[in-house]
Amino acid sequence: MKKRVCLFLALILVASVAFAASGKELVGVVMPTRSEERWNKDGAAVKEGLEKLGYTVDLQFSDDDIPTQVRQIEDLITKGIKVLVVASIDGSALSDVLANAAASKIPVIAYDRLLMKTPDVDYYVSFDNYKVGRQMGEILVNGAKLDSPAKKPLNIELFAGSPDDNNSVGFWDGAMDVLKPYFDNGTLVVLSKQTERTVCGTLRWDAAEAQKRMENLLSAFYTDATLDLILSPYDPISLATLEACKAVGYGSAGKPLPLVGGQDCIVASCKSILAGEQYATVLKDTRSLGAATVTLVDNILTGKPVGTLDTTSYNNGAKIVPSLLLDSVIVTKDNLKKDVVDTGYHTAEEVGL
Ligand code: BGC
């Protein structure tokens, strides 16, 4: 009997050593929703990259539902993941489940969106969100040539991202810092006077909500005035606000569509840019973000140095989270081929080139 128990234990030992040596550790990856183009690309990039290195990946999408995301993370912890990568829905809503991850000694990487008000996050991998916001502002300044002499006042309305997503703060602050001089010198006017991020916010980045707000703004403030510019933090919001404008006659001869930028470089926006409707977008290459995350996970699990991280920019309210921040690119009609198609981010067929 004793012999058999020893043999059994030896087999377990051999099996677990073989499992560890094969590098097949399980990594949990949780993305907020399948219904937005970018998170599908992000999820696929991280999964494929980790699998190429021999890891097993459990990839979950949370349907933009916080209890679902909490449950998925709990399940992953139970399954024995060795690292958790999570792009949150509400950055402040995961503290309890992240405490469970910490208790199980699972390193946590906040993916693209910072996990807020918790000490139980180890790394943040994202873009420089303030810089992205500045690019959103620069799109409008350059597109509308706000620096040209004797520019007449232009009307602008402002849209912000989801108030529960810390990225919205960086995007807004960056854009406002660029636009402020033009508000101050009277070049830009917000007829609605809605100039607070929370008032201009779009819960869960919901384009339909933004479209409704745009419709309301147009009927309340623009029956006798023209809307010239829209600040948009997200391509589907850009397209939705343009739809609202088209519905009241913009985009016809003598009444051009307002100039709008965006973010994420989605296929529909690339098409719109090429068609001369949306003016520009900000490309945040999900392949690079995925690759950076894969390298970080691998370094953590193989005990290699994680490289130089930014240890000043991202305070989540409980700690400064060491961050790896990537660069983003403004895309207009002029560089769409070079920076989007030639790099393989979207194919020529997809964007209709
Ligand atoms: C991301 C953006 C994305 C938005 C909506 C933000 O946290 O940084 O890239 O457009 O969420 O999903």
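The values are calculated or read from the model by the stated rules, or taken from the named source; none is laboratory data. Small disclaimer: the values here were computed from a predicted structure and weren't measured. Ideal geometry is used to build each Cβ from the backbone, glycine not excepted, and the neighbour counts take in all protein chains shown. Surface areas here come from the heavy atoms of the whole protein model, side chains and all, with no ligands, DNA or RNA. Shrake-Rupley method; radii C 1.70, N 1.55, O 1.52, S 1.80 Å.
Residues that are within 16 Å of the ligand (Cβ to nearest atom) and over 21 Å from THR33 (Cα atoms) within the stretch 122-136 comprise ASP128, TYR130, LYS131, VAL132, GLY133, ARG134, GLN135, MET136, listed in sequence order.
If you go through the stretch 288-320 and keep only what is in a loop (DSSP other than H, G, I, E, B) and either of a type outside the set (A, V, I, L, M) or open to solvent by 70 Å² or more (accessible area, probe 1.4 Å) (or both), you end up with GLY303, LYS304, PRO305, GLY307, THR308, THR311, THR312, SER313, TYR314, ASN316, GLY317, LYS319.
Here is a yes/no grid of residues against (1) over 21 Å from the mean Cα position of the chain (by Cα); (2) modelled with pLDDT under 55; (3) open to solvent by less than 90 Å² (accessible area, probe 1.4 Å); (4) within 16 Å of the ligand (Cβ to nearest atom):
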| site | (1), (2), (3), (4) |
| --- | --- |
| ALA15 | yes, yes, yes, no |
| ALA21 | yes, yes, yes, no |
| LEU26 | yes, no, yes, no |
| GLU37 | no, no, yes, yes |
| ASP75 | yes, no, yes, no |
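Quick check on LEU154: is it of a type in the set (A, V, I, L, M) and either under 25 Å from the mean Cα position of the chain (by Cα) or under 17 Å from ILE320 (Cβ atoms) (or both)? Here the answer is no, as LEU154 does not meet what is asked. From the list VAL97, VAL83, the one residue that fits, being out of contact with any strand residue (DSSP E or B) (no Cβ under 8 Å at 6 or more places or on another chain), of a type in the set (A, V, I, L, M, F, W, C), open to solvent by less than 40 Å² (accessible area, probe 1.4 Å) and not assigned by TED's automatic domain parsing to the domain that holds VAL178, is VAL97. If you go through the stretch 151-188 and pick out every residue that is under 21 Å from ASP235 (Cα atoms), open to solvent by less than 10 Å² (accessible area, probe 1.4 Å) and away from the ligand (no atom under 16 Å from the Cβ), you end up with 4. Open to solvent by 40 Å² or more (accessible area, probe 1.4 Å) and among the acidic types (Asp, Glu): is that true of ASP112 in this structure? No; evaluated as a whole, the condition is false for this residue.
The residue list ILE139, ILE109, ILE89, ILE81 contains one member that is assigned to a loop (DSSP other than H, G, I, E, B) and touching a residue at least 60 places away in the same chain (Cβ under 8 Å), which is ILE89. Pairs are defined by a Cβ separation below 6 Å, a sequence spacing of at least 6 or placement on different chains, a first member in the stretch 180-193 that is over 17 Å from PRO258 (Cα atoms), and a second member that is open to solvent by 20 Å² or more (accessible area, probe 1.4 Å); the pairs so defined are GLY186/PRO153. Candidates are the residues of the stretch 253-279 that are over 17 Å from LEU140 (Cβ atoms) and free of Cβ contacts under 8 Å to residues at least 24 places away in the same chain; the one that is surrounded by the most Cβ atoms within 10 Å (Cβ to Cβ) is ALA275.
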